[in-house]
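Just below is one structure, and these are the notes that go with it.
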Amino acid sequence: MPVFGITGGIATGKSSCIGLLKSRLEIDRTVWFDADLAARELLENDALVKNEIQRAFGDPVFEESGKIDRNALRKAAFGTEENRRKLNSILHPKVRSQWASLAAQARQSKLWLFVEIALLYETSGHELCDKVIVVACSQHTQIRRITGARGLTESMAKQIIASQSSLGEKCRMADVLIWNDAALTSLERQCSLLVGWLNKTYA
């Protein structure tokens with residue numbers, strides 16, 4: 001059965017979109033994979049990943065308890081292009097391995113797999129998908145959401161946005177585009193239309 005990639009940019013509303021899709025799709029026919037959650041679990045629980053982070057970034061990104069300080073790691077990783085690539089090289093191959101395995105299983109079953117990953121195009125993950133859904137909004141809205149709900153500075157918000165591929169280019173490459181720059185009711189309507197199309201196309 002099909003594999004759907006869901007991507008966009010930071011704070012474009014991917015999680016909100018997914019929540020709405022989950023509430024509208026049959027729960028027993030769908031599998032969901034969250035790349036951010038997978039990366040977080042690797043940082044918290046994988047000893048090999050912690051060792052690689054230690055070698056790449058040193059003690060400043062660790063708390064006294066030995067736990068990785070995610071805020072410190074974020075600042076270090078987005079401080080330079082080289083550091084960002086170091087972090088991506090540690091995490092992305094491991095995350096991709098996890099969902100690539102799920103994709104292979106989905107194609108041999110009756111389940112639909114939805115993969116939420118911000119860097120889907122950047123890591124060529126779209127090549128493993130049947131369709132890609134891009135959730136997008138204006139950069140002004142992105143910055144407002146990052147600095148508001150996430151509590152980061154505007155400077156950090158712009159650094160993170162700049163580290164990702166052009167959202168406009170992702171929109172151009174999308175099979176399905178969800179524009180999430182207005183009220184929640186607009187997103188709800190678009191998700192309902194998408195679910196109707198998915199059920200009709202992949203019944």
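The numbers here are math on the coordinates, done by the rules we state, and not lab data. The structure presented is a predicted model; accordingly, all values stated were derived computationally and were not measured. As a convention, Cβ positions derive from the backbone with ideal geometry for all residues, glycine included, and neighbour counts pool all protein chains shown.
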Does GLU44 meet the test of being of a type in the set (D, E, K, R), under 30 Å from PHE4 (Cα atoms) and more than 17 Å from the chain's Cα centre (by Cα)?
yes
Of all residues in the range 45-69, count the ones that are in a helix (DSSP H, G or I) and either surrounded by 15 or more Cβ atoms within 10 Å (Cβ to Cβ) or acidic (Asp, Glu) (or both).
8
Which listed residue is under 28 Å from ALA103 (Cβ atoms) and of a type in the set (D, E, K, R), from GLU52, GLU82, GLU63:
GLU52
Which one is farthest from the chain's Cα centre (by Cα) among residues in the range 127-161 that are closer than 29 Å to ALA100 by Cβ and of a type in the set (A, V, I, L, M)?
LEU128
Please enumerate the residues belonging to the range 21-42 that are closer than 20 Å to SER101 by Cα, in contact (Cβ under 8 Å) with a residue 12 or more places away in the chain and in a helix (DSSP H, G or I).
ARG29, ALA35, ASP36, ALA38, ALA39, ARG40, LEU42
Quick check on this structure: which one of ILE160, ILE133, ILE178 is of a type in the set (A, V, I, L, M), closer than 18 Å to TRP32 by Cβ and in contact with a Phe, Trp or Tyr (Cβ under 8 Å, 6 or more places away or on another chain)?
ILE133
Positions within the range 37-58 being small (Gly, Ala, Ser) and farther than 14 Å from ALA72 by Cα, in sequence order:
ALA38, ALA39, ALA47
Candidates ALA38, ALA11 - the one that is within 14 Å of the chain's Cα centre (by Cα) and more than 24 Å from LEU113 (Cβ to Cβ)
ALA11
Give the residue, chosen from ILE90, ILE160, ILE143, that is touching a helix residue (DSSP H, G or I) at 6+ places or on another chain (Cβ under 8 Å) and within 26 Å of CYS191 (Cα to Cα).
ILE143
